[in-house]
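Chemist: The structure that follows is given in the form of structure tokens.
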Amino acid sequence: VEAWEQALDKLQQRHPNLSTKVLLDKFSRPALKHMEAFKIPLRVLNVEEEYCWEHVVEGELSTRLNTVEAPILRAVLIQKPTRTVLLLTGSHLLADSSAISNLFHDLLSELAEKELASIKSQCPNDETLSLSEDATIDGDDREIVLSNDIKNIAQKVSSIQMDAATTSKLIEKAREHG
């Protein structure tokens with residue numbers, strides 16, 4: 001568990017946007033705000049081999065992230081006697097599925113003690129494109145907290161298990177394509 005915690009800490013150091021919360025700007029647009037000293041929460045489940053981890057996925061998908069508190073990513077480590085399942089749940093404001101895949105890559109690289117360069121915080125698109133600062137009509141420049149008053153939706157998850165040969169082919173193809 002300690003190795004996973006350390007890898008998550010290094011991942012968060014590498015990706016500064018993993019230490020953010022969501023606020024609404026003066027135009028009521030979601031904006032990420034960097035927060036110091038907030039660790040990615042890691043929940044650990046030590047379970048039997050036949051434990052159905054898909055139910056944990058359903059629960060994670062049905063549990064809203066608290067976007068007004070940093071970070072807007074959480075992890076669940078499901079440890080079985082012969083294998084481990086790691087779940088990362090994050091806000092779409094933080095990452096899409098491709099970005100989450102990259103986070104898994106970086107996390108596993110950290111576990112393997114591969115040295116990865118740090119990444120700078122993403123700056124706003126307006127700044128990247130050298131657009132002028134938006135001006136408010138009323139001059140109101142306070143930040144508004146994003147509401148979390150949305151009803152949870154029950155999710156259903158199923159999985160398939162591949163045989164060893166198919167798994168090996170999948171791993172080989174993934175390595176070929178980076």
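The values are calculated or read from the model by the stated rules, or taken from the named source; none is laboratory data. The structure presented is a predicted model; accordingly, all values stated were derived computationally and were not measured. As a convention, Cβ positions derive from the backbone with ideal geometry for all residues, glycine included, and neighbour counts pool all protein chains shown. Ligands, DNA and RNA are stripped out before the accessible areas are found, and what is left, the full protein with its side chains, is counted by its heavy atoms. Shrake-Rupley method; radii C 1.70, N 1.55, O 1.52, S 1.80 Å.
Chemist: Local charge sum around residue 106 (other residues, Cβ-Cβ under 13 Å, Lys/Arg +1, Asp/Glu -1)?
Modeler: On the way: positive: 10, 14, 114; negative: 9, 110, 113, 115.
Around residue 106, the surrounding residues sum to -1.
Chemist: Another question, then. Within the range 34-119, which GluC sites (Glu not before Pro) sit in a loop by DSSP and count at most 16 neighbouring Cβ atoms inside 10 Å? Can you show the working numbers first?
Modeler: On the way: sites: 36, 48, 49, 50, 54, 58, 60, 69, 110, 113, 115; in loops: 36, 48, 49, 50, 69, 113, 115.
When the GluC sites (Glu not before Pro) of the range 34-119 are filtered for loop state and at most 16 Cβ neighbours within 10 Å, 36, 48, 49, 50, 69, 113, 115 remain.
Chemist: May I ask for the net charge around residue 3, where only other residues with Cβ less than 10 Å from the Cβ of residue 3 are counted and Lys, Arg are +1 while Asp, Glu are -1?
Modeler: Working: positive: none; negative: 2, 5, 110, 113.
Result for the neighbourhood of residue 3: -4.
Chemist: Distance check, please: which entries in 10/114; 10/33; 114/173 exceed 23 angstrom between their Cα atoms? Walk me through the numbers on the way to the answer.
Modeler: Working: 10/114 11 Å; 10/33 20 Å; 114/173 21 Å.
Violating the 23 Å Cα-Cα cut-off are zero pairs.
Chemist: I've got another one for you. Can you give me the % of accessible surface on the range 1-108 that is carbon or sulfur? Probe 1.4 Å, all protein chains present, nothing else counted.
Modeler: Numbers: 3000 of 5710 Å².
In the range 1-108, the share of accessible area belonging to carbon and sulfur is 53 percent.
Chemist: What nm distance separates the two modelled labels at residue 63 and residue 96, each placed 7 Å from Cα along Cα→Cβ?
Modeler: 2.7
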